[in-house]
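The values are calculated or read from the model by the stated rules, or taken from the named source; none is laboratory data. Since the structure is predicted, the reported quantities are computational estimates derived from the model, not experimental observations. Here Cβ is always computed from backbone atoms with ideal geometry, including for glycine, and neighbour counts include all displayed protein chains. The area values use the complete protein model at the heavy-atom level, side chains included, leaving out ligands, DNA and RNA. Shrake-Rupley method; radii C 1.70, N 1.55, O 1.52, S 1.80 Å.
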Amino acid sequence: MAAPEVHHLFHHPIADHSFSADKQTLAVARDTSVELYGRTGSGFKLKDELKGHDKTVTSVDIALQSGRIVTCSQDRNALVWEPSPTGYKPTLVLLRINRAATFVRWSPSEMKFAVGSGARVIAICYFEEENDWWVSKHIKKPIRSTVTTVAWHPNSVLLAAGSTDAHARVFSSFIKGVDSRPEPGVWGERLPFNTVCGEYLNNSAGWVHAVSFSPSGDALAFASHDSSITVVYPNGAEQPPRAVLSINTQLLPFMSLIWNGESEIIAAGYDCEAFRFQGNEGGWQLTGSLESKGRPGMGDAREESAFNMFKQMDLKGKTKDDTQLKTVHQNTISTIRVYEGAGGTVRKFSTTGVDGRIVIWNA
Amino acid sequence: MSIIQQVSNATLNDNWRTINIDALDPESSSNFDTSTLHPAFAPVSDSEARNIGQQVRQLLRGGDAEGALRGALESAPYGGDVAVKEIHLQTVTEVLQSIKASEMTPMLQRIFQSEGGSEALDVLMKYLYKGMAASSTSKTPTRGSTLTPQSTGFSQMGGRPGAGNESSGAAMSVLLSWHEKVVEVAGLGSVGRCMTDWRKV
């Protein structure tokens, strides 16, 4: 396996990151602004800074086709940044929320985006032509706590959301005039706005950090703070799901996850490395880390001379330099995203975290 | 002077940032019963908990410590009231105290690898924390008096901690060594699950 591509952007946490379709632009949420990095040869160079929020930016997403960037922040606002020849122009979105906006993602159709918030609502935002304005509709019921994450179904109507009330839910975000009527599927047949297609809670009930639909959209996975991931296979409207499989791990909790095909999930979080899960409706299991531990320069195979050992003990009180983690990321990974893939399988994925690094991995 | 006082009093009273707005909002998340978020547990009565305790002790006397431990962990009374939970905690603690330190790790590994074993160890972890909380609260009244503030700024322990309560100190050391062994086998994830789980023991 080829070594991952590591770029250390700055010494500051990265709340979220997103690549443009051509992978030449990388947007990272840093503090109260979003920084745009351009690819230059083997590295990334800062080329623009989107300043518009006055509190911590919590999430950023680049629409792959239109190139529009949406950002949201703890200042309760979301901004849509339109690319123009003179740079990016922000437009304020009417979210109508009274708590921080926590998470934002474009729908695959790029006609809408969903904003999760601490006000226990999800704002589904779409562009209203006659007013020339981004407006929002709220999904309220039955969310009982902060929405920490959202993920879109490939049909751009269904939306999965994870919340600190430990539930992962699937909603319909159908908006007349914006969406075409979805095909009936495993999640339900009639899908008016705010239909609750599923509500899932696992036994140990950690608050949910990440949700994701499988590439076909027929299965849902979520990771929660009880160090588990749960995979749900639904069984049509009003029916109990075919299978709800919960995998409790010995590890620290996962913050983010992606599907690789229908039978593999890659998740990463507080353990600072990515882990692979494999399985199907019959059962899932953790199969291992994606980190190759014996990387050169990281191993402790280096022979120490006795002189050096005593010198180190004298200087630092210890013989080994253990201030570095053995993982590529040196702190919690908060976002994992597909970088390159086709037809639902992932060839490369990118991770960012609290350590200010972006790493591009081979799946 | 008096005007200044009035003004500052007024601003203190009007300090809207300190108002708990959640208490005023009927739709607020702090105004609903969190127990409605998860399915209710079947109630467990006092006598049922005692019965389970008897069965577990019987297994223990028969020399099947592993069976006793598993039995106790799998019959945790989530739906019982405080008294029932206390009875079961007694049962679990007894089992834990009767297992030798050298048997802990192999036994935990066998349980972990068996069907539903990771779940059982999560329950064990919950009882370890509950046991530690219980034995530390019973000591708190005496703790204040054993601390004597020194002029140097350091506090010195007067007498050994828990000296008056020898058995609770011993119980704590058993729980601590179990905790270490459970973390070795079930990982830190199990500590996290103790905190998130709604099925309180």
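Among the residues making up the stretch A:155-170, those that are in a loop (DSSP other than H, G, I, E, B) and either within 13 Å of chain B (Cβ to nearest Cβ) or on the phi < 0 side of the Ramachandran plot (or both) are A:Asn155, A:Val157, A:Thr164, A:Asp165, A:Ala166, A:His167. Of all residues assigned to the stretch A:179-189, none qualifies as being more than 14 Å from chain B (Cβ to nearest Cβ) and within 19 Å of A:Leu95 (Cα to Cα).
Counted as qualifying within the stretch A:200-273 are the strands (runs of 3 or more DSSP E) with 1 or more residues that are within 14 Å of chain B (Cβ to nearest Cβ), open to solvent by 10 Å² or more (accessible area, probe 1.4 Å) and touching a His at 6+ places or on another chain (Cβ under 6 Å), namely A:254-259. Residue count for the stretch A:316-349, restricted to those that are in contact with a Gly (Cβ under 7 Å, 6 or more places away or on another chain) and either open to solvent by less than 80 Å² (accessible area, probe 1.4 Å) or under 18 Å from A:Phe213 (Cβ atoms) (or both): 7. Applying a threshold of 7 Å to beta carbon distances and a minimum spacing of six or more residues, or different chains, the list of pairs starting in the stretch B:34-48 at a residue that is surrounded by 15 or more Cβ atoms within 10 Å (Cβ to Cβ) and ending at one that is in a helix (DSSP H, G or I) and at pLDDT 80 or above reads B:Val44/B:Val84. Within 21 Å of A:Ala161 (Cβ to Cβ), touching a residue at least 12 places away in the same chain (Cβ under 8 Å) and open to solvent by less than 40 Å² (accessible area, probe 1.4 Å) - does that describe any residue in the stretch A:35-55? Looking through the stretch A:35-55, none of the residues is within 21 Å of A:Ala161 (Cβ to Cβ), touching a residue at least 12 places away in the same chain (Cβ under 8 Å) and open to solvent by less than 40 Å² (accessible area, probe 1.4 Å). Pairs linking a residue in the stretch B:175-187 that is within 18 Å of B:Arg110 (Cβ to Cβ) and within 14 Å of chain A (Cβ to nearest Cβ) to a residue that is open to solvent by less than 10 Å² (accessible area, probe 1.4 Å) and small (Gly, Ala, Ser), with Cβ atoms under 7 Å and 6 or more positions apart or on different chains, are B:Val182/B:Ser190. Quick check on my filter: what residues within the stretch A:132-154 are under 26 Å from A:Ile258 (Cα atoms), among the aliphatic types (A, V, I, L, M) and in a strand (DSSP E or B)? Result: A:Ile139, A:Val147, A:Val150, A:Ala151.
Residues checked against (1) aliphatic (A, V, I, L, M); (2) assigned to a helix (DSSP H, G or I); (3) at pLDDT below 70; (4) more than 14 Å from the chain's Cα centre (by Cα):
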| residue | (1), (2), (3), (4) |
| --- | --- |
| B:Val95 | yes, yes, no, yes |
| B:Glu103 | no, yes, no, yes |
| B:Lys126 | no, yes, no, no |
| B:Ala134 | yes, yes, no, no |
| B:Thr152 | no, no, yes, yes |
| B:Ser168 | no, yes, no, yes |
| B:Leu175 | yes, yes, no, no |
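Applying the condition of being closer than 14 Å to A:Val60 by Cα and open to solvent by less than 10 Å² (accessible area, probe 1.4 Å) to the stretch A:118-154 and asking which residue is nearest to the other protein chains (Cβ to nearest Cβ) yields A:Thr149. What number of residues within the stretch A:345-359 are more than 13 Å from A:Ile266 (Cβ to Cβ) and among the aliphatic types (A, V, I, L, M)? Total satisfying the criteria: 2.
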